[in-house]
Amino acid sequence: LSSGKLNNNIGRERTASPKASDYKIGSRIVAMVHRKGGVGKTTTTINLAAALADAGYKVLVADNDPIGNATSAMNVVSFEELNEPDAYPNLGTLMLGLTPFNTVVRRVPPGFIFPEAEAGSDEGGVIDVLPSHHDSLESVDVQLNKDTLESKLRLRRALSLAGVGDFYHFILIDCSPSLGALVKNAMAAADFWLLPMLPERFSMETTNEMFDLADFIQSTVNPDLSLMGVLINQAKNTNVSKAAIVELREAYGDSLFNTQIRDLAVLRQSQFEGRSALTYKGSREAANDYRRLMFEVIERADAPLTPRAQELQASLNSEMSPAPKRKTASKK
Ligand SMILES: Nc1ncnc2c1ncn2[C@@H]1O[C@H](COP(=O)(O)OP(=O)(O)OP(=O)(O)O)[C@@H](O)[C@H]1O
Ligand SMILES: [Mg+2]
């Protein structure tokens, strides 16, 4: 980053109300939001990230939830460390401008994305994480709970100043189940919001608030925000689940992703063991659900297909799974 660019940004802040368009990023940014807990925001974030990285994309995950489930699930910080009072550099300190991006970001071990035998592949996919820290993000949530545009643009500003768009194709933001300042920051930073929901009454009853919040952010600070889609998670083969899905299709039409993520116990097991659906033994169905979702995400984000993604798409379409073998790095 040239110091000139930094100075320009600071100058603009002093003179006028900031807007999302003041902070260019360049990556495609998707925020997972739902006020209701347990609907699959984190599960979607980490498995979609793994599917994208497996397909050769460079992905940044911002763990914007003080609980830090995504951070611990992707093995970049231990559960104990997450809850220690002393904060390591994390998303919260980045948003406050206390620590630079390169001291915050952590790379996910390749075993999360690639089967062991194929580690060190040449395809270029990675996942980096801006980790959560419990106390730090909680306090940022309180500090930024103000009625100003500046307080909603901290995440976008931090990502823009770090120049992340030069490296990452996608940024996925995992949010807490709330409508608070951190979630507003995620929507102000994002191009798209994605609404995961369970085909159940309680999950379906909390969606209006999310649309209202998106309208508010769009009309005040980020006019480019749009709904990427509503994702049915934990679809089951029961009458209740099927009836709910019919109702959701009527309500959301084309906004509903065609892909539904099935209710698969293997997703809980893989999470428990710090793996993604992409590499966990016996999780081919789950991996393919996330790959199908990935192709819809790529299309809705109007992102180019990598060569590996093209191969994967052909094999998914012809139901010829397992996925094609990747080129492994030549051993020296
Ligand atoms: N498709 C699925 N099949 C089976 N289990 C699932 C599925 N999706 C999510 N789960 C499980 O449901 C639980 C809640 O999911 P998750 O943590 O992703 O929700 P969340 O929306 O992030 O919750 P919170 O708002 O509390 O952060 C987890 O234990 C997860 O493993
Ligand atoms: Mg979560």
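Using the alpha carbons of region 18-171, what is the convex hull volume per residue in cubic angstrom, as a whole number? Mind dumping the intermediate values first?
Values: hull volume 17.7 nm³, N = 154.
It comes to 115 Å³ per residue, whole-number rounded.
At 222 nm, what value in deg cm²/dmol follows for the chain if DSSP H runs of at least 4 each add -39500 (n - 2.57) and the sum is divided by all its residues, to the nearest 500? Don't skip to the answer; put the middle values down first.
Details: 16 runs with 144 residues, N = 332.
My calculation for the chain gives -12000 deg cm²/dmol from helical runs alone.
Would you mind putting 54-65, 219-230 in packing order, based on average other-beta-carbon counts within 10 Å, highest first? Show your work: numbers first, answer last.
Values: 54-65: 26.8, 219-230: 17.8.
With the highest mean Cβ count within 10 Å placed first, the list reads 54-65, 219-230.
Considering only C-alpha atoms, what is the centroid distance from region 17-63 to region 182-199, in Å?
Each part reduced to its Cα centre gives a spacing of 8 Å.
Given the convex hull over the Cα atoms of the chain, what projected area results after averaging over all orientations, in nm²?
Numbers: hull surface 69.9 nm².
Value for the chain: 17.5 nm².
List every residue whose amide H lies under 5 Å from the amide H of THR99, counting only residues 5 or more places away in sequence or on a different chain, with H placed 1.01 Å from N in the peptide plane.
Those qualifying (amide H under 5 Å, at least 5 residues apart or on another chain) are LEU94.
Net charge near SER176, counting Lys/Arg +1 and Asp/Glu -1 over other residues with Cβ under 12 Å of its Cβ? Provide the component values of the computation, followed by the final result.
Working: positive: ARG35, LYS36, LYS41, LYS184; negative: ASP63, ASP65, GLU138, ASP141, ASP174.
Net of charged neighbours comes to -1.
Between ILE29 and residues 5 or more places away or on another chain, which pairs have amide H atoms under 5 Å apart, with H built 1.01 Å from N, and which residues are they?
Excluding prolines and chain starts, which carry no amide H, the hits are ILE171, ASP191, PHE192.
For region 233-249, in order, what is each residue's ³J(HN,Hα) by Karplus, 6.51 cos²θ - 1.76 cosθ + 1.60 with θ = phi - 60°, in whole Hz (x at glycine and Pro)?
Per-residue couplings from phi come out as 10, 6, 5, 10, 8, 10, 5, 4, 4, 5, 5, 5, 5, 4, 4, 5, 5 Hz.
Can you pull the one-decimal nm distance between simple spin-label points at SER139 and SER219, each 7 Å off the Cα toward Cβ?
3.6
Suppose R0 equals 35 Å; then what is the FRET efficiency for SER226 and GLU80 from their Cβ-Cβ distance, rounded to the nearest 0.05?
Details: r = 39 Å, r/R0 = 1.12.
It comes out at approximately 0.35.
State which entries of LYS24/LYS152; LYS19/LYS146; LYS41/LYS146; LYS19/LYS41; LYS36/LYS184; LYS36/LYS281 exceed 22 angstrom in Cα-Cα distance in the structure shown.
Values: LYS24/LYS152 15 Å; LYS19/LYS146 16 Å; LYS41/LYS146 25 Å; LYS19/LYS41 27 Å; LYS36/LYS184 15 Å; LYS36/LYS281 30 Å.
In this structure, LYS41/LYS146; LYS19/LYS41; LYS36/LYS281 exceed 22 Å between Cα atoms.
Which one, LEU130, LEU155, LEU312, has the greatest fluctuation when you compute a Gaussian network model over the chain with C-alpha springs under 10 angstrom?
Checking each option, the largest mean-square fluctuation is seen for LEU312.
Would you please state which residues of region 61-77 a label at ALA301 would reach in this model, taking the label point 7 Å out along Cα→Cβ and a backbone N cut-off of under 15 Å?
The answer is 61-63, whose backbone nitrogens lie closer than 15 Å to the label point.
Calculate one ³J(HN,Hα) per residue across region 284-292 by plugging θ = phi - 60° into the Karplus curve 6.51 cos²θ - 1.76 cosθ + 1.60, and present them in order as whole Hz with x for glycine and proline.
Couplings: 4, 4, 5, 4, 6, 4, 5, 5, 4 Hz.
Cross-link partners among aspartates and glutamates for LYS236, C-alpha distance below 12 Å, same-chain residues fewer than 8 apart left out?
Filter leaves GLU200, ASP263.
Quick one: with all protein chains in place, what share of the accessible area of region 69-200 is carbon or sulfur, to the nearest percent (1.4 Å probe)?
Details: 2500 of 4850 Å².
Answer for region 69-200: carbon and sulfur cover 52 percent of the accessible area.
Report the semi-axes of the equivalent ellipsoid for region 159-206 in whole Å, largest first, where each axis is √(5λ) for an eigenvalue λ of the Cα gyration tensor.
Listed largest to smallest, the semi-axes of region 159-206 are 27, 13, 7 Å.
Step through the residues of region 142-151 one at a time and calculate ³J(HN,Hα) from phi using the Karplus curve (6.51 cos²θ - 1.76 cosθ + 1.60, θ = phi - 60°), rounding each to whole Hz and writing x for Gly and Pro.
In residue order, the calculated couplings are 6, 4, 8, 7, 10, 8, 10, 5, 4, 6 Hz.
If you bin the C-alpha pair distances of region 183-292 every 10 Å from 0, what whole percents do you get?
Calculated P(r), rounded to whole percents: 13, 36, 34, 16, 1.
GNM on the chain, C-alpha springs below 10 Å: top fluctuator among VAL246, VAL129, VAL297?
VAL246
Between ASP166 and ASP263, take the C-beta separation as r, use R0 = 35 Å, and let me know the FRET efficiency to the nearest 0.05.
Numbers: r = 39 Å, r/R0 = 1.12.
Taking R0 as 35 Å, the efficiency between ASP166 and ASP263 is 0.35.
May I ask you to compute the full-extension gain from PHE202 to ASN239, defined as 0.36 nm times their residue separation minus their alpha-carbon distance, rounded to one decimal in nm? Spell out each step's value before the answer.
On the way: separation 37, 0.36 × 37 = 13.32 nm, distance 1.65 nm.
Result: 11.7 nm gained on full extension.
The values are calculated or read from the model by the stated rules, or taken from the named source; none is laboratory data. Being a predicted model, the structure only gives us computed values, none of them experimental. Neighbour counts are summed over all protein chains in view; Cβ atoms, including those assigned to glycine, are modelled from backbone coordinates with ideal geometry. Only protein heavy atoms, including side chains, enter the accessible area calculation; ligands, DNA and RNA are left aside. Shrake-Rupley method; radii C 1.70, N 1.55, O 1.52, S 1.80 Å.
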